[in-house]
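Report on the structure given below.
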Amino acid sequence: MDDILSISADLIKDIYKQAYQTPTNEFKEKVFQSLKSFLDIDAGTWITRGNTDAHFYESDSYACALPDGFFQEPMHSEEVSEQIQKIFAVVSESPGRTFDILDVLPEGEWFGSALYQLYCKKYQLNHSLMTLQLEPHNQVINLVTYARHDIDRCFTYQDKQRSEWIQPCLVEGLKINLLNQFQHKNQDAFYGVFDTFGNLIEAEDALITLFQQTGLFNDGYSMLIQDNPNRVFEHQGLMIETNSHHGLVLVEVMKSALVNALSSRQLDICHHLVSGKTNKEIAKSLKLSPDTINNHLKRIFSTLNVSTRYQAVGYLMRQEILR
C-alpha cells in the first residue's frame, strides 16, 4: 500500500486541482484521462446517483471511450438487464471493495453470458473492475468501472488494490467539485447543498459533523432550510448563512479559522500530507516516530472536523497558507 501511495502523489494533486478548476460537466472526463495511465485502462464508467433501483441513464452516468447511448443499449434485452442488476447487487453488498468481473462470475460463465456476448463483446470490454462507494449521509452511490480490451490482459491483484485506494479520492474530489461551483467566498468555512425542503444534496463531511453535533441535521434532513432559505444566524457557536439558488440552497458554516488552530509542527505535517507522502515518509522527513505522526494526524483531523486523509487533503488544498 505504501508503494501505491508513493507513486500516486501527483495523481492526488491532479484530482484535487481538477476539482477546484474544472466545470462539473467536465470533471469526470478530466479525471479519467489521469486514471488511464495509473490503472492502464482502455475505457470506463462513473455512475453517481441516489436511486439504486432504476436503470442507469446518461444523465447520472459518465462513459469514457464509449459511444453515446452506451447505457441505454442493455435495456433492449431483458436478460442482459437482469444480469447487470445481479452483478450490481453483488457489488453493492461490499461498498469500498473492488471486484473483478471474474470475482462475480466464473470465467466460463462470464464469456458465455448474454451480457458479454450481446453487449460487452461489441465494445471489447473483456475485463473489468468495479468499485462502489456509498455516502451514508444521503445514500448517494458512486460506482466506478475500469475496462481493458485485450482479452489476454487480465487485471491483477495490485490493480484491484489501486482501484480500492483511489476510489475515496475520486468521490471526495467530485464532492469538492460540486460544492465549488458556488464559488466559495471563505476558505475557512464549510459548505453544503440542500434542496428547498431541507433534504441534503451534497456537503463537506465537516459541515455534516457540525450539524449533527448541534442538532441541526438528522437522517439527511435539516429543518433550518425549510424555515427560511435566505438568512444569516448564529447557533451554538456557529455562524450560518443560507442562500437559495435555482431550486437549491447553499449553506455556509463558519466555526473558526481552523488552520490557525494548528501548531507549527502540525502545519509541517499538513504540508507533507498534501504532497502525497505516506505516514512513514512524513516521519522520516521530520525525524519523528510513525506513532508520533499518527497521533498528530488524529489531532489534525479532529481540528479540521474530518475523518480521513482524503478529506483532510481536500480541505487543506484550498488554504492559502499551504500553497
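Numbers below:
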read-out: Surface accessible to a 1.4 Å probe, per residue, for the residues of the chain, Å²; value: 47 Å²
read-out: Inter-site label distance for F197 and A261 at 7 Å from Cα along Cβ, in nm; value: 3.5 nm
read-out: Whether the chain is rounded, prolate or oblate, judged on the alpha carbon gyration tensor where a/c under 1.5 counts as rounded; value: oblate
read-out: Length-normalised contact order for the chain - Cα pairs under 8 Å, 6+ apart - percent; value: 17 percent
read-out: Accessible carbon and sulfur surface of the chain relative to its total accessible area, %, 1.4 Å; value: 49 percent
read-out: Helix axis angle, 157-180 relative to the chain longest principal axis, alpha carbon, degrees; value: 50 degrees
read-out: Degrees, to the nearest 10: 78-92 long Cα axis against longest axis of the chain; value: 40 degrees
read-out: Net charge over other residues, Cβ less than 12 angstrom from the Cβ of V80 (K, R count +1; D, E count -1); value: -1
read-out: Packing-based ranking, highest mean first, of 187-194, 203-210 given that Cβ atoms within 10 Å are counted; value: 203-210, 187-194
read-out: Selection from M130, S77, G173 lying farthest towards where the dipole of segment 60-189 points positive, charges on Cβ; value: G173
read-out: Relative packing of peptides 148-160, 23-35 - highest average C-beta neighbours within 10 Å first; value: 23-35, 148-160
read-out: Peptides 295-303, 85-93 ordered by average Cβ neighbours within 10 Å, highest first; value: 295-303, 85-93
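The values are calculated or read from the model by the stated rules, or taken from the named source; none is laboratory data. None of the values given here were measured: they were computed from a predicted structure. Here the Cβ is made from the backbone with ideal geometry for all residues, glycine too, and neighbour counts use every protein chain on show. Ligands, DNA and RNA are excluded from the accessible area calculation, which covers all protein heavy atoms including side chains. Shrake-Rupley method; radii C 1.70, N 1.55, O 1.52, S 1.80 Å.
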